[in-house]
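Visitor: Mind having a look at this structure? Questions to follow.
A short reminder: the numbers here are calculations on the coordinates, not readings from a lab. Please read all numbers here as calculations on a predicted model, not as lab measurements. For neighbour counting, all protein chains shown are included, and Cβ atoms are generated from backbone atoms with ideal geometry for every residue, glycine included.
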Amino acid sequence: MSMIEIRKLRKTYRMGEVIVKALDGVDVAIAEGDMAAITGPSGSGKSTLMHILGCLDTPDEGEYFLAGENVAGLSKDKLAGIRNRRIGFVFQSFNLLPRLSALENVELPLLYSGRADAKERAATALRTVGLGDRTHHEPNQLSGGQRQRVAVARAIVTDPAIILADEPTGNLDTKTGQEILALFQALNEAGRTVILVTHDEQVAAHCKRQVRILDGKVLEAD
């Protein structure tokens, strides 16, 4: 079963008098439980595709089926609800709030949805990523790898079906990056669909399959 299926996706941007085709008729399917890398150089369209896959943006044309539901034309409010329930995000720059503890950062997605057990679930998520002893540390008291683990814990705390990570090792040294990739592999082995967006072929090699994009088109999908 496809967790994600996009058909004839198109997205254009106007830059002054120039129209840029960020996505030009893209077709991609990602199965439930897969671990896939979306690769391509800067400007290839992979970031635009990531934003659409994450329901952060909508296409100009085409269809996007997420767990069988066509979400391409949904309103911003409905897309926000889908993001909160189904998708966990991890970013290169961690995106942690500096004055909140690790526990409080991980709690945030649950507080937005009014969960009464937010603190307990956040603590469980931190234990899952190996930071059960860092719950009260603020980001500036953590290493880069630990901050990214907090970000991963925040991504999984709502129990989403999909983890979407944008250059998740970009700010990490090689050894720490390998540890974070191993964490993503463990989450995938536990049943989550994991999608890594990266320009790094060594990162992409950790995935079961790769979708290569250039100039808004899919070159190949392994």
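Visitor: Please give the charge dipole size of the chain, origin at the Cα centre, charges +1 on K and R Cβ atoms and -1 on D and E Cβ atoms. Round to the nearest 20 debye.
Guide: Working: 27 positive and 29 negative charges, 80 e Å.
Value, rounded to 20: 380 debye.
Visitor: Which Cα, out of Tyr112, Phe184, Val129, lies furthest along the positive dipole direction of the chain (beta carbon charges, K/R +1, D/E -1)?
Guide: Tyr112
Visitor: Would you mind calculating the relative contact order of segment 170-222 from Cα pairs under 8 angstrom and at least 6 residues apart, reporting the percent as a whole number?
Guide: Numbers: 25 pairs, mean separation 10.2, N = 53.
In percent, rounded to a whole number, it is 19.
Visitor: While we're on this one: Determine the percent antiparallel among the DSSP beta bridges restricted to the chain, to the nearest 5.
Guide: Values: 22 of 41 bridges.
Roughly 55 percent of the DSSP beta bridges within the chain come out antiparallel.
Visitor: Please list the three semi-axes, largest first and in whole Å, of the ellipsoid equivalent to segment 2-221, using sqrt of 5 times the eigenvalues of its alpha carbon gyration tensor. All intermediate terms of the calculation are to be shown ahead of the outcome.
Guide: Working: eigenvalues 170, 75, 52 Å².
The equivalent ellipsoid of segment 2-221 has semi-axes of 29, 19, 16 Å.
Visitor: Same structure, new question: As I understand it, the value is the acute angle between the Cα axis of helix 76-86 and the longest principal axis of the Cα atoms of the chain; what does it come to in degrees, rounded to 10?
Guide: For 76-86 against the chain, the angle is about 60 degrees.
Visitor: Please work out the Kirkwood hydrodynamic radius for segment 152-222, using every pair of different C-alpha atoms, and report it in angstroms with one decimal place. Spell out each step's value before the answer.
Guide: Working: mean 1/r = 0.0769 Å⁻¹.
About 13.0 Å, per the Kirkwood formula over Cα pairs.
Visitor: Using Cα-Cα distances under 8 Å and only pairs 6 or more residues apart, what relative contact order does the chain have, in percent?
Guide: On the way: 447 pairs, mean separation 65.3, N = 222.
Worked out over the chain, it gives 29 percent.
Visitor: Rank Ile162, Leu100, Ile87 by how far each Cα sits towards the positive end of the charge dipole of segment 86-190 (+1 on Lys, Arg Cβ; -1 on Asp, Glu Cβ) and give me just the farthest.
Guide: It is Leu100, whose Cα lies furthest towards the positive end.
Visitor: Next question, about the same structure. How many nm separate the modelled label positions at Leu214 and Asn70, each set 7 Å beyond the Cα in the direction of the Cβ?
Guide: Output for this residue pair reads 3.3 nm.
Visitor: Something else: Suppose each label sits 7 Å from its Cα in the direction of the beta carbon; what would the Leu56-Ala116 distance come out to in nanometres?
Guide: The modelled label-to-label distance comes out at 3.4 nm.
Visitor: Next question. Arrange the following residues from fewest to most other Cβ atoms within 10 Å of their Cβ: Lys11, Lys78. Before the final figure, lay out each step's value.
Guide: Numbers: Lys11 22, Lys78 12.
Arranged by neighbour count, lowest to highest, Lys11, Lys78 become Lys78, Lys11.
Visitor: Based only on other Cβ atoms within 10 Å, what is the fewest-to-most ordering of Ile213, Ile19?
Guide: Ile19, Ile213
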